[in-house]
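The values are calculated or read from the model by the stated rules, or taken from the named source; none is laboratory data. Quantities reported herein were computed from a predicted structural model and do not represent experimental measurements. Because the Cβ atoms are built from the backbone with ideal geometry, glycine has one as well, and the counts that use them run over all protein chains shown.
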């Protein structure tokens, strides 16, 4: 079990863990530092600062403009984005949008995080806007919900690399 400190996390060393499922990543500790393991089984020493910004909405979903803003305190680039729900949408896909200063980062709208009806998760790692500066803010919209079952308990995790 990791131990939390004011200045970071202390974790016991681990041997190479199992390869994560497609689209997922795993962060773990070894004696030589922190490592990132992707779903292709590629292990990389983390030589950069990686930040995860989670947006979460509990309960049944409805379309909405992002009610929450998270302001950035440094410059970052997008590493990956994943949307997940506890209850899958049915009848239609659930579509989210990630915004920088209230403007979409997906100029190609079909690239937005889209959870296909009957599934629980999706990645959307090809935004047109990938750079963020100190003072920019992020927000998440729900642009479309399932038509039979809306879907519920949404989390959108935005992984950023510090520049």
Looking across the stretch 107-131 at residues that are outside any loop (DSSP other than H, G, I, E, B) and under 17 Å from the mean Cα position of the chain (by Cα), the single one that is modelled with the lowest pLDDT is 123
For the stretch 22-34, does any single residue satisfy the condition of being assigned to a loop (DSSP other than H, G, I, E, B), over 26 Å from residue 126 (Cα atoms) and at pLDDT below 90?
yes
Surrounded by fewer than 18 Cβ atoms within 10 Å (Cβ to Cβ) and either part of a loop (DSSP other than H, G, I, E, B) or within 18 Å of the chain's Cα centre (by Cα) (or both): is that true of residue 134 in this structure? yes
Would you call residue 147 touching a helix residue (DSSP H, G or I) at 6+ places or on another chain (Cβ under 6 Å) and not in a strand (DSSP E or B)? no
Flagged in the stretch 28-38 as touching a strand residue (DSSP E or B) at 6+ places or on another chain (Cβ under 7 Å) and surrounded by 14 or more Cβ atoms within 10 Å (Cβ to Cβ), in numbering order, are 28, 34, 35, 36, 37, 38
Flagged in the stretch 63-100 as over 16 Å from the mean Cα position of the chain (by Cα), surrounded by 15 or more Cβ atoms within 10 Å (Cβ to Cβ) and not in a strand (DSSP E or B), in numbering order, are 75, 88, 89, 92, 93
